[in-house]
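**Student:** If you scroll down you'll find the structure; I have some questions about it.
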Amino acid sequence: MIDYMKEAIKEAIKAGKKGEIPVGAVIVYNGKIIARGRNKREKTQNALLHAEIVAINKACKKLHSWRLENADIYVTLEPCPMCAGAISNARIKRVFYSASDNSDSREIIDKIFSSTRLNHKVELIQGEYQTESSKLLSDFFKSKRLSRKNKNAV
């Protein structure tokens, strides 16, 4: 059986190697991965290209529909409000995430996923590999800070 969160972590690692914040996502439909995504904001200079948005775009193209009902998304970091809105609008059934977002956006996310205005409820589930995903993020930012510090020292 495929470990979907491990597949999302592979995408996060690819993002980190490209200088992007290491977040990865996969969308699963009928037991198959139909889309993969990773952050691409730096490469494209597009604020919208979070891993979840990239994966949702690919899944919609694959299914020829904006409705991703009965699909699940596995993402290495708890979604931000923008991605939560996209996930809800795409009617994704469940979000499995590994690392928690340390910001105070959880209340906003819960409101988005349970909003009657969006006519769709999303189940949010913290999955496995919390330590591994958190380490990817902390190592990435530690490296960025060290790089900046070394530039300033020169």
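The values are calculated or read from the model by the stated rules, or taken from the named source; none is laboratory data. Bear in mind that the values here come from a model prediction, so they are computed numbers and not experimental data. Here the Cβ is made from the backbone with ideal geometry for all residues, glycine too, and neighbour counts use every protein chain on show. Areas reflect the complete protein model, heavy atoms only, side chains present, ligands, DNA and RNA absent. Shrake-Rupley method; radii C 1.70, N 1.55, O 1.52, S 1.80 Å.
**Student:** In debye, nearest 20: dipole of the chain around its Cα centre with unit charges on the Cβ of K, R (+) and D, E (-)?
**Tutor:** Working: 29 positive and 17 negative charges, 154 e Å.
Computed about the Cα centre, the dipole is about 740 debye.
**Student:** Solvent-accessible area of R106, probe 1.4 Å, all protein chains present, reported in Å² to the nearest ten, please.
**Tutor:** Around 90 Å² of this residue is reachable by solvent.
**Student:** What lysines sit close enough to K93 to cross-link, taking a C-alpha to C-alpha distance under 25 Å and skipping anything fewer than 8 places away on the same chain?
**Tutor:** K6, K10, K32, K40, K58, K61, K62, K111, K121
**Student:** Which FRET efficiency value, to the nearest 0.05, do you get for L118 and N150 by plugging their Cβ-Cβ distance into 1/(1 + (r/R0)^6) with R0 = 30 Å? Kindly include the intermediate steps, with their values, before the conclusion.
**Tutor:** Details: r = 46 Å, r/R0 = 1.52.
Efficiency for this residue pair is about 0.05.
**Student:** Given points 7 Å out from each Cα along the Cα-Cβ axis, report the R106 to K10 separation in nanometres with one decimal.
**Tutor:** So the two model labels end up 3.1 nm from each other.
**Student:** Output ³J(HN,Hα) for the range 72-89: one whole-Hz value per residue in order, computed from phi by the Karplus curve 6.51 cos²θ - 1.76 cosθ + 1.60 with θ = phi - 60°, and x for Gly and Pro.
**Tutor:** 10, 10, 10, 9, 7, 9, 3, x, 7, x, 4, 5, 4, x, 5, 4, 5, 5
**Student:** Ok, one more. Using packing as a proxy for protection, rank 14-27, 40-53 so that the peptide with the highest average count of other Cβ atoms within 10 Å comes first. Show your work: numbers first, answer last.
**Tutor:** On the way: 14-27: 22.8, 40-53: 16.9.
Put in order of decreasing packing, that is 14-27, 40-53.
**Student:** Taking the Cα centre of each part, how many Å lie between the range 89-134 and the range 6-55?
**Tutor:** 16
**Student:** For the chain, what proportion of DSSP beta bridges, expressed in % and rounded to the nearest 5, is antiparallel?
**Tutor:** Values: 11 of 20 bridges.
Given both bridge residues lie in the chain, the antiparallel proportion sits at roughly 55 percent.
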